[in-house]
Amino acid sequence: MSEGFYSHAKLYDLMFPGGGPAVDFYRTQADRQGGTVLELGCGTGGKLIPIAADGHACVGMDLSAEMLAEAERKAGERGVAAEWVQGDMREFDLGRTFDLVFIAANSLLHLHDAASLVSCFASVRRHVAPGGRFALDIFNPSVGLLSEADGLRHTRESLSFVDPDRGDVTVDVAEAYDAADQVTRGTWYLSTVAETDFVVAPLEIRSIFPQELPLLLSLGGLRLVDRFGDWSGAPFTGSAALQLCICEAA
């Protein structure tokens, strides 16, 4: 897990403002299923708050107390009711089932070994109501891109943002890919002209390749129903950047 990266909730929202087709997709899934919704790795609520605003009873779970506090603040600011729970997606028991459970924005990839992934999927299976669905999105690993992770520090221009308190913030990332573990191990650096590296945070993300995902799901009691390659629902292909999956209880 990469708890340190998520201890700066407001900066995270500035760096990843969210919205767009991902939110639209999960809102559509919630409307299609009806009933109750659980998001694991909910972060600051960027996807769950709009779903709750649509009238669904929602629970958001995250390991980071800081992210949950910001989610609760944002929901209250919008007058949206939702339940926020601190917990570990590897193993949890909320004592109820949900019509839609989802894990968005690569949050699943904080689980680095097969045992943790299967344990997560088994916990999800116990929380999916009869007729319910489980949805997730993760990137589709590119061997070419993974090989470019050279361990050197590079500026990510697309992630630069303006902090109201600090001004312009530059984001640098140094990453190296561990092929044996299928984990990209990185360090993120946030800087301003006046304050170099005011945040230095590790972030480690696993790669899940397309043929291993259905097996991991099945070991956790889930079955892959559909896999799309983008938010429009285009078929998944080897060149797709995204694995957008819809699952049901096996």
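Quick look at the numbers
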{"quantity": "Three-way shape call for the chain based on the alpha-carbon gyration tensor, with the a/c threshold at 1.5", "calculated": "oblate"}
{"quantity": "Low-density loop positions, trypsin sites (Lys or Arg not before Pro), region 56-105 - DSSP coil, at most 14 other Cβ in 10 Å", "calculated": "Arg96"}
{"quantity": "Given charges at beta-carbon only (K, R positive; D, E negative), |dipole| of region 101-250 in Debye", "calculated": "800"}
{"quantity": "Virtual paramagnetic centre 7 Å along Cα→Cβ of Leu219, amide N under 17 Å, in region 85-122", "calculated": "90-91, 108-122"}
{"quantity": "Taking the chain and dividing mean pair separation by its residue count, relative contact order in percent (alpha carbons under 8 Å, at least six apart)", "calculated": "18"}
{"quantity": "Positive-pole candidate from Val169, Val199, Gly144, dipole of region 143-206, charges at beta carbon", "calculated": "Gly144"}
{"quantity": "√(5λ) per eigenvalue of the Cα gyration tensor, region 143-206, largest first, Å", "calculated": "26, 11, 9"}
{"quantity": "Calculated [θ] (222 nm, deg cm²/dmol) that DSSP helices of n ≥ 4 give over the chain, each run adding -39,500 (n - 2.57)", "calculated": "-7500 deg cm²/dmol"}
{"quantity": "Size of charge dipole - the chain - debye, nearest 20, with Cβ of Lys, Arg +1 and Asp, Glu -1, no other charges", "calculated": "780"}
{"quantity": "Rounded to whole Å, sorted largest first: equivalent-ellipsoid semi-axes of region 77-206, Cα gyration tensor", "calculated": "33, 22, 12"}
{"quantity": "Region 95-126 versus region 202-242: alpha-carbon centroid distance in Å", "calculated": "13"}
{"quantity": "Amide H within-cut-off set for Thr36, under 5 Å, with H built and near neighbours excluded", "calculated": "Asp99, Leu100"}
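Each value in this text was obtained by applying a stated rule to the coordinates, not by laboratory testing. Everything numeric here is computed off the predicted structure, so don't read it as measured data. Using ideal geometry, Cβ is built from the backbone for each residue, glycine included, and neighbour counts are taken over all protein chains shown.
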